[in-house]
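One structure is given below, encoded as structure tokens.
The values are calculated or read from the model by the stated rules, or taken from the named source; none is laboratory data. On a predicted model such as this, the values are computed, not experimentally measured, just so you know. Glycine gets a Cβ as well: all are built from the backbone with ideal geometry, and neighbour counts include every protein chain shown.
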């Protein structure tokens, strides 16, 4: 009987050793804030942009800078009734609609009625050097928040500089 007890003990010991430490009662490592940086929603620094019409949109830079070389990540909050004019960027932009509905279109002709809704959870890839415009149509009840990531500098360029870069719709 002795060899059976030894095999059982070895098997039980192996199984216990394979359990995660949290199941055995040992404490997990504490979060290192230098390695995992968390900003809760109320700590995000939203601000207005001087080039936007008052009350149209807010931005919140998370990392990097759209005007400098390198990776950037920014949030924009479009309020209902405002859209950008047709414009381009020199680099691709990758966008996730975080909340609300973002209204988007491509092309150099500004026609808000032709915009396509991108509801929360949608992914929108803006291809470099292609004209497009976006915002939130007036009939919406809430702003749209979009997370945008890309490589700077973006070199924002309005298709028709004789017209405003931002439109009331």
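Return the pair list, or none, for Cβ contacts closer than 8 Å from residues in region 39-57 that are on the phi > 0 side of the Ramachandran plot and in contact (Cβ under 8 Å) with a residue 12 or more places away in the chain to residues that are surrounded by 10 or more Cβ atoms within 10 Å (Cβ to Cβ) and in a loop (DSSP other than H, G, I, E, B), at least 6 apart or on different chains.
Listed pairs, sorted by first residue: 55/79.
Among what's in region 135-165 and is crowded, with 17+ Cβ neighbours inside 10 Å and more than 27 Å from residue 41 (Cα to Cα), pick the residue that is modelled with the lowest pLDDT.
165
For region 16-38, does any single residue satisfy the condition of being under 22 Å from the mean Cα position of the chain (by Cα), more than 19 Å from residue 64 (Cβ to Cβ), assigned to a helix (DSSP H, G or I) and modelled with pLDDT of 85 or more?
No - not one qualifying residue is present in region 16-38.
Against the condition in a loop (DSSP other than H, G, I, E, B) and at pLDDT 95 or above, how does residue 68 come out, does it pass?
Taking the combined requirement at face value, the residue satisfies it.
Quick one: would you say residue 115 is surrounded by 13 or more Cβ atoms within 10 Å (Cβ to Cβ) and either in contact with a helix residue (DSSP H, G or I) (Cβ under 8 Å, 6 or more places away or on another chain) or without any contact (Cβ under 8 Å) to a residue 40 or more places away in the chain (or both)?
For residue 115, the condition - surrounded by 13 or more Cβ atoms within 10 Å (Cβ to Cβ) and either in contact with a helix residue (DSSP H, G or I) (Cβ under 8 Å, 6 or more places away or on another chain) or without any contact (Cβ under 8 Å) to a residue 40 or more places away in the chain (or both) - is met.
Conditions (1) exposed (fewer than 14 other Cβ atoms within 10 Å of the Cβ); (2) under 19 Å from residue 140 (Cα atoms), marked per residue:
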{"position": "44", "(1), (2)": "yes, no"}
{"position": "50", "(1), (2)": "yes, no"}
{"position": "54", "(1), (2)": "yes, yes"}
{"position": "66", "(1), (2)": "no, no"}
{"position": "70", "(1), (2)": "yes, no"}
{"position": "77", "(1), (2)": "no, yes"}
{"position": "81", "(1), (2)": "no, yes"}
{"position": "87", "(1), (2)": "no, no"}
{"position": "109", "(1), (2)": "yes, no"}
